[in-house]
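The values are calculated or read from the model by the stated rules, or taken from the named source; none is laboratory data. Since we're looking at a predicted model, the values are computed, not measured. For neighbour counting, all protein chains shown are included, and Cβ atoms are generated from backbone atoms with ideal geometry for every residue, glycine included. Remember, those area values only see protein heavy atoms, side chains included, never the ligands or the DNA or RNA. Shrake-Rupley method; radii C 1.70, N 1.55, O 1.52, S 1.80 Å.
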Amino acid sequence: MSIWGWLHEYVQFTIYSGVKALMILLPLFIVVAYYTYAERKVIGYMQSRKGPNRVGPKGLLQPFADMIKLMFKEIIIPTNSNRYLFIIAPVITFAPAMAAWAVIPFNDTLVFSNINAGLLYILAMTSVGVYGVIIAGWASNSKYALIGAMRSAAQIVAYEIAMGFALVGVLMVAGSLNLGEIVNSQSGGIGEWFFIPLLPLFFVYLISGVAETNRAPFDVAEGESEIVAGFHVEYSGMTFAVFFLAEYANMILIAMLCALLFFGGWLSPFPDLVGDSIGWLFGKTAVFMLLFLWFRATFPRYRYDQIMRLGWKVLLPVTIFWLFVEGVAIYFEVGLFV
Amino acid sequence: MPEIKNYTLNFGPQHPAAHGVLRLVLEMDGEVIERADPHIGLLHRGTEKLAETKPYNQTIGYMDRLDYVSMMCNEHGYVMAIEKMLDLEIPERAQYIRVMFDEITRILNHLMWIGTHALDVGAMTVFLYAFREREDLMDMYEAVSGARMHATYYRPGGVARDLPDAMPQYLESRWRSKKEADRLNQNRQGSLLDFIEDFCRRFPRYVDEYETLLTDNRIWKQRTVGIGVVSEDRAYQLGFTGPMLRGSGVEWDLRKKQPYEVYDKVDFDIPVGTNGDCYDRYLVRVEEMRQSNRIITQCIDWLRVNPGLSMTENHKVAAPRREAIKADMEGLIHHFKLFTEGYTLPPGEVYASVEHPKGEFGIYLISDGANKPYRVKIRAPGFAHLSSMNEMAQGHMLADVVAIIGTQDIVFGEIDR
């Protein structure tokens, strides 16, 4: 009998799940690493400069150089900070950002955990991340960090709701909370994808997604020029890197959700010409990831109260109105809402 | 019941938006500013006192270092004070060169301003675009003076040397391929004037680029319209000058109202705002860049067809030519006197001011007849602007303070002196 068979069933399951998780997380880390590289390159060329080009050919080893630097830097804990919370905060941000990937389907069968309430699970996980930010801001015992944390808390409330309503729209047309089924209900070519009937909700989702990941133009929680680095102003070395990793993992997650929920995930836009493949999903995700970078190079930063206004007074009414329209349309089976 | 205390935030001196060494103590109610208390003096280098210990010409270099983003305009104020005291006539060509470089400096300063202002408000691309153009302007500085920033180019009696006939070239190196170097040298084949003309041709398009990114951008407008409003009366009372005053709707420009050098011979307009908010000041400065470009073009046309002296022949203040020193007793004496003792100013006092990119830059000079000033007082425009910080920021939010610092175009070199 092999060692594998000798192991207890639970141990087998744990190892099996661990390997599966690693198969998602390791590529994710690499994508995050090269996303930072892509960000610097893309924004660099948008700003008529070259971006990193010294470490390795065309600067391709830059992410590793950064990683090694961050790993070997000292983690400075401010004197009057709450050191336990200070260390735990990045973990609280990081863990949900990783855990959310558990329910993301990469194609019909390739999914870590095919649970029924996948969409709810993702909403829950992405919201937990903000606790890390708030705790970090409070535990740092720095005024800038505290302001950053307060801004982040207010911002997340304003945008979670709009984002949630946008997803309700998706779930109404798809009739399921399972991400795989949502994608499959969009089959039949580009005309069936949800972004057409749900265009306003798609924009609301995209905007809230940018806001939720604290990216420009909604990066008030770190607000470089106002509150220096906001909630992570006191973090250095690995603790900072963990925040960083979580932020970028979240950006990729939001981009992938855009592709899954509104753009048919792995489905081909022209099923008669090209087959469905995981490549479609990655391609669509890459487009949204590029959008994140593009926004950052183009827009000035919103002020904190203007973000609130946008969230509560613009995005929320838009979603509610469209949900109403959608409900009526589905009831009477109008047009695309069948 | 616990007492609710205001939140005091120490903004700077080490802060990405402090524009150098501004220390701003902010008293905030949540994010709303109750009181803004600017602290100055962290860059005090004693320029005024140093000037009292040196022959007049040796202070020109210190003037560059006052407002270190508009170097030649500072020099201009200083040499004008000396010339006024000596009643010195300077050659017309030198006057045109000065006007041209004053306007190059204005563009240099406004580019720095638009870049940092936009960066403070969060639009970082404009910053790098602006610095791309600044590179060319720095090269113009380098071509006439040998220094990219601290030129010491203006002298009492004219300018240090005439415009060069050739531009410095880029060379091939480990970091710059032959092709890249050739591309960079493409518009550097002719004289400096050719290079500047080429820049003037390209520049309006660059300004359009900045405007595309900012002027009609909704976020930019939300962040600047109605922020830091200063009424016309208040602007007068606070001692505003330059774009800060013009943004509030006052048509005041020393180049028009008290023309110096050849500003009465060139054609240009003064943009004025209406509301006196950050957005109007932004528009005013952007238009000023276009107007400066216009002035430079006119100066180039004049300078091309009018060769001549660029320095006065009064050798009591200006060094004689090298040949004259070798061949002529008078020349040798002048040279010796100038480079040991310098020149003396008659006893008395004088105030001279120029329209600096930031406002009115004035030099008040008292002489007791010696070869160095008895007292020099520098009237820096930024000082008056910074003093209004409390008034402008009150009731706004933390993020607006950053926009206001940007719109005031503060440089600590001149404020702390």
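Some notes on this structure:
- Residues whose amide H comes within less than 5 Å of that of B:LEU24, counting only those at least five positions distant or on another chain, are B:PHE11, B:GLY12, B:HIS39 (H built at 1.01 Å from N in the peptide plane).
- The alpha carbons of chain B stretch over 90, 56, 43 Å along the principal axes, in descending order.
- Projected label distance in nm at A:LEU120 and A:ASN82, using a 7 Å step from Cα toward the beta-carbon: 3.1 nm
- Accessible surface for B:GLU251 stands near 110 Å², nearest 10, in the context of the full protein assembly shown (1.4 Å probe).
- Paramagnetic reach from B:LYS316 in region B:324-350 [backbone N under 12 Å; point 7 Å along Cα→Cβ]: B:343-347
- Residue by residue along A:293-302, Cβ atoms of other protein chains within 10 Å of the local Cβ number 6 on average.
- Under 5 Å from the amide H of B:TYR374 lie the amide H atoms of B:ILE366, B:SER367, B:ASP368, each residue being 5 or more positions distant or on a separate chain, with H modelled from the backbone and absent for Pro and chain starts.
- Computed from backbone phi with θ = phi - 60° and the Karplus coefficients 6.51, -1.76 and 1.60, the 3J(HN,Hα) list for region B:387-397 is 4, 8, 3, 4, 5, 6, 8, 4, x, 8, 9 Hz; x is used for glycine and proline.
- Per-residue mean of C-beta atoms belonging to partner chains within 10 Å, peptide B:113-125: 5
- With the simple spin-label model, which puts each label point 7 Å out from Cα in the Cβ direction, the B:GLU27 to A:VAL55 separation comes to 4.7 nm.
- Accessible-area value, A:ILE115, 1.4 Å probe, nucleic acids and ligands omitted, Å²: 70 Å²
- Rounded to whole Hz, the Karplus (6.51, -1.76, 1.60) HN-Hα couplings of region B:168-174, x for glycine and proline: x, 10, 7, 10, 5, 8, 4
- Note on surface exposure: B:ASP280, B:ASP162 rank B:ASP162, B:ASP280 by accessible area, highest first, 1.4 Å probe.
- Peptide B:394-406 - average C-beta neighbours from other chains (10 Å radius): 3
- Reachable lysines, given that their alpha-carbon falls under 24 Å from the alpha-carbon of B:LYS179 and they are not under 8 places away in the same chain: A:LYS41, A:LYS50, A:LYS58
- Most fluctuating residue given options B:GLY115, B:GLY276, B:GLY395, as computed from a GNM of chain B linking Cα atoms under 10 Å: B:GLY395
- Applying 1/(1 + (r/R0)^6) with r as the Cβ-Cβ distance of A:LEU26 and B:LEU171 and R0 = 60 angstrom yields a FRET efficiency of 0.80.
- Summarising the overall dimensions of region A:180-325 from its C-alpha atoms, the Rg and Dmax are 17.4, 55 angstrom.
- Surface calculation, 1.4 Å probe, protein heavy atoms: B:ILE333 sits at approximately 80 Å² accessible.
- Sorting the segments A:102-114, B:351-363, A:168-180 by their mean number of nearby beta carbons within 10 angstrom, highest to lowest, gives B:351-363, A:168-180, A:102-114.
- Neighbours of B:ASN275, meaning other residues whose beta-carbon lies under 11 angstrom from its beta-carbon, give a summed charge of -2 when Lys and Arg score +1 and Asp and Glu score -1.
- Pairs from A:LYS143/B:LYS221; B:LYS54/B:LYS316; A:LYS69/A:LYS284 whose Cα-Cα separation, in the structure shown, is over 21 Å: A:LYS143/B:LYS221; A:LYS69/A:LYS284
- Across chain A, the mean sequence separation of Cα contacts (distance under 8 Å, 6 or more residues apart), normalised by length, yields a relative contact order of 21 percent.
- C-alpha long axis of helix B:124-145 to longest principal axis of chain B, angle in °: 10 degrees
- Helix-only mean residue ellipticity at 222 nm for the protein assembly as shown, each DSSP H run of n ≥ 4 adding -39500 (n - 2.57), per residue, nearest 500: -18000 deg cm²/dmol
- Largest accessible area first, the residues A:HIS8, B:HIS110 order themselves as A:HIS8, B:HIS110 under a 1.4 Å probe with ligands, DNA and RNA left out.
- Take the Cα of A:PHE321, step 7 Å toward its Cβ, do the same at B:SER191, and the gap between the two points is 6.4 nm.
- 3J(HN,Hα) from dihedral phi, region A:14-24, Karplus parametrisation 6.51/-1.76/1.60, rounded to Hz, x for glycine, proline: 4, 5, 4, 5, x, 5, 4, 4, 4, 5, 8
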